[in-house]
Structures are given as C-alpha cells and as structure tokens.
Amino acid sequence: MGSAFGTDLVAGYGHTLPSAIVVDVGLVDGSWAVIEANAAWASGAYVADPDLVLDVILRAASPTASVAARDRQFIRRPQLTPAS
C-alpha cells in the first residue's frame with residue numbers, strides 16, 4: 001500500500017521536485033501521507049539501496065555545469081549584499 005502511494009506521488013508531483021531529494025512517507029491517522037522532504041545528504045539511508053543513495057547524493061553535489069535542465073530552477077544563487 002505504501003509503495004502504491006509513493007508511486008502515485010512521484011507520478012503526480014515528481015516533476016515539481018528536484019531530482020536529488022528524498023521524500024519520506026508514512027501513515028498518519030491510518031492514511032498514507034508525505035511526512036517531509038529532505039536534501040539527499042540529510043536523509044536517513046538506512047532502509048535504501050546504498051548504490052541508489054550514492055547516485056542521489058552525487059547528483060545533489062555535482063558541479064553547476066552538469067546540473068540537468070529540469071533541476072536548474074532549484075539552484076540557489078548567492079545574494080550579494082552592499083559593502084558597508
């Protein structure tokens with residue numbers, strides 16, 4: 001049941017998320033729900049395939065030039081502050 005929820009979640013909303021993110025799902029009052037979303041390096045990888053975890057972390061830490069087009073909207077740009 002949880003995997004069906006996750007599959008539906010990715011099918012419906014995956015395109016709105018960065019590719020290097022981890023979404024935790026679980027039961028809340030008997031219904032499946034999104035618990036939280038975390039950056040790849042802040043996720044608990046204890047129940048995931050280590051090779052897949054490494055792929056996501058490497059994608060999250062890749063040089064800006066190699067970021068996929070779909071992920072460019074999530075790149076943070078430094079904010080310059082005027083010198084005092």
When residue 22 is run through (1) out of contact with any helix residue (DSSP H, G or I) (no Cβ under 8 Å at 6 or more places or on another chain); (2) in a strand (DSSP E or B), the failure sits at (1)
task: Would you confirm whether any residue within the range 32-40 is free of Cβ contacts under 8 Å to residues at least 24 places away in the same chain and charged (D, E, K, R)?
output: yes
The condition from (1) over 19 Å from residue 9 (Cα atoms); (2) among the hydrophobic types (A, V, I, L, M, F, W, C); (3) more than 15 Å from the chain's Cα centre (by Cα); (4) surrounded by 10 or more Cβ atoms within 10 Å (Cβ to Cβ) that residue 65 misses is numbered (4)
Looking across the range 1-49 at residues that are over 21 Å from residue 74 (Cβ atoms), exposed (fewer than 12 other Cβ atoms within 10 Å of the Cβ) and not small (Gly, Ala, Ser), the single one that is modelled with the lowest pLDDT is 1
Only unsatisfied item for residue 22, checking (1) touching a Ser or Thr at 6+ places or on another chain (Cβ under 7 Å); (2) farther than 21 Å from residue 71 by Cα, is (2)
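In the range 15-42, which residues are of a type in the set (Gly, Ala, Ser) and closer than 16 Å to residue 60 by Cα? So that I can check it myself, show each step before the final result.
First, the residues of the range 15-42 that are of a type in the set (Gly, Ala, Ser): 19-20, 26, 30-31, 33, 37, 39-40, 42.
Across the range 15-42, the qualifying residues are 19, 20, 37, 39, 40, 42.
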Those residues of the range 50-75 that are in a loop (DSSP other than H, G, I, E, B) and in contact with a helix residue (DSSP H, G or I) (Cβ under 9 Å, 6 or more places away or on another chain) come to a total of 4
Sole miss for residue 5 among (1) assigned to a helix (DSSP H, G or I); (2) in contact with a helix residue (DSSP H, G or I) (Cβ under 6 Å, 6 or more places away or on another chain) is condition (2)
Note on the range 25-49: residues aliphatic (A, V, I, L, M) and not in a helix (DSSP H, G or I) are 25, 27, 28, 33, 34, 35, 37, 39, 48
Listed by first then second residue, the pairs whose first member lies in the range 70-84 and is of a type in the set (A, V, I, L, M, F, W, C), whose partner is open to solvent by less than 100 Å² (accessible area, probe 1.4 Å), with beta carbons under 6 Å and at least 6 positions apart or on separate chains, are 74/18
Note on the range 11-41: residues among the aliphatic types (A, V, I, L, M) and out of contact with any strand residue (DSSP E or B) (no Cβ under 8 Å at 6 or more places or on another chain) are 11
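The values are calculated or read from the model by the stated rules, or taken from the named source; none is laboratory data. What you see is a predicted model; the values in this text were computed from it and never measured. Heads up, the Cβs are rebuilt from the backbone with ideal geometry, glycines too, and the neighbour counts pull from every protein chain shown. Remember, those area values only see protein heavy atoms, side chains included, never the ligands or the DNA or RNA. Shrake-Rupley method; radii C 1.70, N 1.55, O 1.52, S 1.80 Å.
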